[in-house]
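Here's the structure, in structure tokens; my notes come after.
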Amino acid sequence: MSSSVERFDERARREADRVGTTVVRRGELLRHPVYTRVLHWLVAITFVLSLLSGFAIYSPWLFKFLTPIFGGGAMTRFLHPWFGLAFEVFFLFQFLNWLTPMMWRESDRRWLKRIKAYTTNEDKLEPADVGFFNGGQKVYFWAIVLSGVLFLITGILLWFDDIFPRWLVAVSYVIHDLAALLMLAGFIIHIYEGTAAAPGTFRSMINGTVSERWAWTHHPAWYKAVTGRDPRESYERERRRQSDRERAIQEWEREQDGRDVP
Amino acid sequence: MKMSNPQVFQIQEISAHPGPVPGLGTQRAVQVCKYIDVTTCIGCKACEVACVEWNDHPFRETTFDDTYQTMPSTDWNYWNLIKFAEDERDGNLMWLMRKDQCMHCEDPGCLRACPADGAIIKYENGIVDFNQNNCIGCGYCISGCPFDIPKFNQKTKKVYKCTLCSDRVGQGLEPACIKACPTGCLHFGTKHDMVQIAGLRAKQLQEHSGFANAGVYDPQTIGGTHVIYVLHDINNPERYGLPKDPVIPPSYTYWKWLAKPAGLLMAGLGVLAVFFHRVAVGPRLPQPEQPAPVESQPDPIEAKRKEQP
Ligand code: SF4
Ligand code: SF4
Ligand code: SF4
């Protein structure tokens, strides 16, 4: 990436950190600085607004449920392109902010190959080469980039559809929908992965931190890069520490009342 | 426009309306039709004036572009336009004049494309009417229409077009443009009658006026129209600015009514899928898992019982 973009991102992160704070406690790592978190939620809010107002117009079956949220059909039609534009702008900043960690690598191809093992939770720990973002996250990111471009082009055509040629509008109509469905699919998975599927993830977008255990479990290469420690060893050490403690407690209990704990 | 006479105006189709059309099938309305004989049009524009008058449209500026046409195309407050085309016949100039307005398609592309419930209504008598109260101003109807008819008003953000004078027809009157025509080239009646008369006229042109290709324009690709023309040359309707085989873009037919609901269904299934993933597979916890408090640790007796059927 050109250095001016990097300089801009650096400055934005610094400025955001001056206004906001991120408290990193013992056993935690900083994952997302203030700038990233704010951007993420601006993108998320404008995306949801675009999604709801768009789906109101998407299908006759949703029209009457979703248009009242925005003050009727005409208002929905008026707001949707502005929501979309706001989304595009915020995502552009997020795009620049994340471009470096989202670069596609050989390890991501390997990650995608074992996606089945990932979804079935076959291995408790992610492979050692999974960095700040895993292959799935990168696929989602680039899918948003693709959809974002499609949305922007077809969106402008549909926005001013009374002046563009008829066939161009008709084609845009389909492409805009396809982009929306692609985004929706990714969105469902994204919310699930960010909350229920991987506990400890959601707070990284709120507080900005994750536990070290979370880091060596899900993103070992990133853990190694920021701590300098080997993720596998840290994991083993933590396991020993846990069982030592268990044993100590059991012994203590035995001493206390001479009974055997099952 | 609201109709007063339910016998003439039983609604047949409603844009973007999920569910059945109220009252459909309780009565059958007669199919109305406007028949325009372009061969006897003299380009006097009486119909243009009548349309502006009846619909209370203000006088407006026109655009002169070196033709006899009032303006390049119909507009949101100018629904009726005589289109002038200079053509050739046997090396001589032939002037083609065609009254352009909504065709009131049997399969209306505007209605198919419209996402707003009740913004476009098709009556059983064949009239396709816009209800601006329900219009959201998206402009999809413009790209759905094969005849470039619906026009956008930048101020009101709504779309307007010829109503086939549904307010007059509802009172048993003919459309205003029909009434104004001095040569009798405009006719109004039932679809059946108009097709019949137009057919006779086309035959007359073939046999007595040397127009071997004269014929009736009632395009079947959209199920016919409720405005039909007799043209000198039915094989080349493009000479009059009419599409030979008008079609509705598949975006508003197959995509909208088949693929879109399918996409929605997939989204619903996706939500169910992640829910059941959580139920069946469970979360990926940071490793090693922290020992749970004693009361929520797996019960060794119950764990054994699980192995039995
Ligand atoms: S001519 Fe256009 S506006 Fe008129 S009914 Fe047909 S599709 Fe609709
Ligand atoms: S602009 Fe046309 S398609 Fe859109 S809501 Fe109005 S009538 Fe329907
Ligand atoms: S039918 Fe009525 S609205 Fe349509 S062109 Fe004639 S006068 Fe105008």
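Residues of the range B:127-159 being within 10 Å of ligand 1 (Cβ to nearest atom) and not in a loop (DSSP other than H, G, I, E, B), which ones?
Once the filter is applied, which keeps residues that are within 10 Å of ligand 1 (Cβ to nearest atom) and not in a loop (DSSP other than H, G, I, E, B), the range B:127-159 yields B:Val128, B:Asp129, B:Phe130, B:Cys141, B:Ile142, B:Gly144, B:Lys151, B:Val159.
Of all residues in the range A:193-202, how many are open to solvent by 20 Å² or more (accessible area, probe 1.4 Å) and at the interface with chain B (Cβ under 7 Å from one of its Cβ atoms)?
3
Being open to solvent by 50 Å² or more (accessible area, probe 1.4 Å) and part of a loop (DSSP other than H, G, I, E, B) is the filter here; which residues of the range B:235-245 pass it?
If the condition is that a residue be open to solvent by 50 Å² or more (accessible area, probe 1.4 Å) and part of a loop (DSSP other than H, G, I, E, B), then B:Asn235, B:Asn236, B:Gly241, B:Lys244, B:Asp245 are the ones that fit.
Does the range A:176-186 include one or more residues that are of a type in the set (Asp, Glu) and surrounded by 18 or more Cβ atoms within 10 Å (Cβ to Cβ)?
Scanning the range A:176-186, I find at least one residue that is of a type in the set (Asp, Glu) and surrounded by 18 or more Cβ atoms within 10 Å (Cβ to Cβ), so the answer is yes.
Please specify each residue of the range B:112-126 satisfying the condition of being more than 9 Å from ligand 1 (Cβ to nearest atom) and out of contact with any Pro (no Cβ under 8 Å at 6 or more places or on another chain).
B:Cys114, B:Ala116, B:Gly118, B:Ala119, B:Ile121, B:Tyr123, B:Glu124, B:Asn125, B:Gly126
Name every residue in the range B:86-111 that is touching a strand residue (DSSP E or B) at 6+ places or on another chain (Cβ under 9 Å) and either of a type in the set (S, T, N, Q) or within 8 Å of ligand 1 (Cβ to nearest atom) (or both), in order of residue number.
B:Gln101, B:Cys102, B:Met103, B:His104, B:Cys105, B:Pro108, B:Cys110, B:Leu111
Please give the number of the condition B:Glu61 fails out of (1) within 14 Å of chain A (Cβ to nearest Cβ); (2) away from ligand 3 (no atom under 13 Å from the Cβ).
If we test B:Glu61 against (1) within 14 Å of chain A (Cβ to nearest Cβ); (2) away from ligand 3 (no atom under 13 Å from the Cβ), just (1) comes out false.
Has the range B:161-183 got at least one residue that is within 16 Å of ligand 1 (Cβ to nearest atom), among the basic types (Lys, Arg) and over 29 Å from B:Glu86 (Cβ atoms)?
No.
So which residues in the range B:45-74 are touching a residue at least 60 places away in the same chain (Cβ under 8 Å) and hydrophobic (A, V, I, L, M, F, W, C), if there are any at all?
B:Ala46, B:Cys47, B:Val49, B:Ala50, B:Cys51, B:Trp54
Could you check B:Leu285 against (1) facing chain A (nearest Cβ under 8 Å); (2) more than 30 Å from A:Glu212 (Cβ to Cβ); (3) at pLDDT below 95 and say which number it fails?
(2)
On the given criteria, is B:Phe152 within 16 Å of ligand 2 (Cβ to nearest atom) and either more than 21 Å from B:Cys135 (Cβ to Cβ) or open to solvent by less than 40 Å² (accessible area, probe 1.4 Å) (or both)?
Yes, satisfied.
How do the helices (runs of 4 or more DSSP H) wholly within the range A:212-262 filter down when requiring 3 or more residues that are among the polar types (S, T, N, Q): which remain?
A:231-257
Tell me, which residue of the range A:102-137 that is in contact (Cβ under 8 Å) with a residue 60 or more places away in the chain and open to solvent by 70 Å² or more (accessible area, probe 1.4 Å) is nearest to the other protein chains (Cβ to nearest Cβ)?
A:Lys124
Against the condition closer than 17 Å to B:Phe188 by Cβ, more than 14 Å from ligand 2 (Cβ to nearest atom) and touching a residue at least 40 places away in the same chain (Cβ under 8 Å), how does B:Ile82 come out, does it pass?
No: the conditions fail for B:Ile82.
Just to be sure I understand the filter: pairs with C-beta atoms under 9 Å, separated by 6 or more residues or on different chains, first member in the range B:125-146 and among the basic types (Lys, Arg), second member more than 15 Å from ligand 3 (Cβ to nearest atom) and open to solvent by 10 Å² or more (accessible area, probe 1.4 Å). Which pairs pass?
none
Has the range A:42-50 got at least one residue that is open to solvent by 60 Å² or more (accessible area, probe 1.4 Å) and under 24 Å from A:Pro81 (Cα atoms)?
Yes, the conditions are met somewhere in the range A:42-50.
Given the structure, is A:Arg31 open to solvent by 20 Å² or more (accessible area, probe 1.4 Å) and of a type in the set (Lys, Arg)?
In short, no.
The values are calculated or read from the model by the stated rules, or taken from the named source; none is laboratory data. These figures come from a predicted structure and were not determined experimentally. Positions of Cβ are backbone-derived with ideal geometry, glycine not excepted, and every protein chain shown enters the neighbour counts. Surface areas here come from the heavy atoms of the whole protein model, side chains and all, with no ligands, DNA or RNA. Shrake-Rupley method; radii C 1.70, N 1.55, O 1.52, S 1.80 Å.
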